[in-house]
Structure formats: C-alpha cells, structure tokens
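Okay, so here's the structure we're looking at.
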Amino acid sequence: MVSASYDKTVRIWDLERGVCLHVLQGHGDIVQSVCTSPDGRRAVSASFDKTLRVWDLETGICLRVVQGHSDTVMSVSVSPDGRRAVSASLDKTLRVWDLETGECLRVFNGHREGVFCAGVSPDGRQVVSAGFDKTLRVWDVESGVCLAAHLPNSQVLAFAISPQAERIVFGAADGHIYFLTPINFPPPGPAILTAFDFGLRNADFGMSPEGPAARCPYCATYFEPSAEVVSAIREHSGFPNPTSEMFDDPRLLAACPHCGKPLKFNPFFVHCYD
Ligand SMILES: [Zn+2]
C-alpha cells in the first residue's frame, strides 16, 4: 500500500507485516494524492507544491518531477495501461502526462473553479473530473470534447467509474448518490451525459454543437425534443436552487414520438458541451 501525507512524504507499506518499507521524500508541501500503476511498480504523487512525482516503488527513488500546473495538484490517477497519468489542479485545469517522458500531452480547460478529483475510464479514452464549480465532467482524451453535468445546488464530492464505463456513480453534498450515463447518440448526433434518480424514468436529454437530442428510456429511440422542452430546461438549469415548481413545469412533460409513452425531462441537470 502507498499513502500520501500532510507531512510532505509518500510512504510504502507492507500490509502483511504492518511496516513502512520506504519513506519517499522530495515534495516541498502536502502530498494530497497518490496513485500506483496497474503493475505495482510505479506510483505518482500530487502535491500542494504544484508538482507531481513519479516514484519507483521497489527502490523508493524519485524517477521524475512533473511540472506544469500553476497551483496545488489535488488528485492524480494513472491510466489502466500505466503509461499516462491525469492530474487535477486548483489552477482549474486537468493535465494528461506521459509518465515515461514527463511530457504534458493534454491540458483540459473548462472548469470554472479548481478541480479536485480526476479519474481515467477503464479503456483510457476518457477522463472524468469533479470541480468546485459543482460540475462533473467527462473529457474525450483524443478530441478534448467535454461533457458537463451541473448540479445547481450541490457539490460533487467523489465519483467512481464502472468497469465497462457505462456508469459513473457520484456522491454529492446534498446526501444523494447519483448515476450518470454517458450516451453516444448515433452519428452525427451528439454525445450526452444523462443523470437519473433512483426509481424515476426520466428522458435522456443532451445539448451539443449539433443541437439538442433526447432518448426515450422505454424504447431507446432517439428524437429531437420540442422547442418548448428545450427552452424549459434552459430556463430551469440557470436556477441556483431547484424548486418543486421547476420539477412540476408542465413543459417538461412529453410523449415519445415512437412508442407514445409519457416522458418527463429532468431539469435538475444540465447536460451540455461547453
Ligand atoms: Zn419510446
């Protein structure tokens, strides 16, 4: 096991014997996060000193100091193939790093406040982040396209990505656990993030550069939502606090144009590209 500490060190522990094998020193400030590579040979740490460090877990030697962030690095996550790491920083960006060279491969800009949590999808193609701007974002590593889910009234505290990446589950400061489903509409349609509450069958709704799109949760057919629905969602998503009136807005009710089932659009989340 590897631990990160406010005492500026990273420690490698033998869990069987309960002894500390190495104390990794070098960071100039609090070590906020640490993540090991899948093969267990490396660890990457993130620090208040604005850097990341790559460590050899066998020898305890610092292989590399990774620099680029202009503020505290809050979180680091190593990709499933162990070749890259993604970091989240209070400088509002995420960075993708090549762990062999220390080169910064991508900078993701979009969060309006500091970013405190970063994760990589199991296939390594997407990065998920949570920020103090009350958004959870999914980034396509290659294209840089960002999907954002905004909680108007709450903060995302932590999230996890399911093994098949078909769900992101997150805990929020409002005491609820939510599921997000990244959905790719058939080309050339948009990709969206949709959120649902337990037991409710809300219609999926997405905004993209190609325009709004919806998906029926019953027959899984894609359709273009009416202008009325779109304007109601836009209106409500700007609200700082969700109200019951907002959920009861009759404009959010629609029928699936294919199977005819009654649908309700959930105005609580905004699913949009920035
Ligand atoms: Zn339908």
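The values are calculated or read from the model by the stated rules, or taken from the named source; none is laboratory data. None of the values given here were measured: they were computed from a predicted structure. Don't worry about glycine lacking a Cβ; one is built from the backbone with ideal geometry, like all the others, and counts go over all protein chains shown.
General observations
- Subset of the stretch 57-78 (residues that are over 22 Å from the mean Cα position of the chain (by Cα) and closer than 12 Å to VAL2 by Cβ): LEU57, GLY60
- Taking (1) under 17 Å from LEU147 (Cβ atoms); (2) modelled with pLDDT of 65 or more; (3) more than 10 Å from the ligand (Cβ to nearest atom) in turn, PHE247 satisfies each apart from (1).
- From the list ARG17, ARG64, the one residue that fits, being loosely packed, with under 14 Cβ neighbours inside 10 Å and either outside the structural domain of VAL138 (by TED's automatic domain parsing) or outside any loop (DSSP other than H, G, I, E, B) (or both), is ARG17.
- Per-region count, the stretch 97-125, residues over 19 Å from LYS50 (Cα atoms) and hydrophobic (A, V, I, L, M, F, W, C): 1
- Pick from the stretch 39-56, criterion of a type in the set (S, T, N, Q) and under 20 Å from the mean Cα position of the chain (by Cα), ranking: farthest from HIS27 (Cα to Cα): SER45
- The selection criterion, being surrounded by fewer than 18 Cβ atoms within 10 Å (Cβ to Cβ), touching a Cys at 6+ places or on another chain (Cβ under 7 Å) and over 30 Å from GLY110 (Cα atoms), does not hold for GLY40.
- The single condition from (1) closer than 19 Å to SER121 by Cβ; (2) modelled with pLDDT of 95 or more that PRO80 fails is (2).
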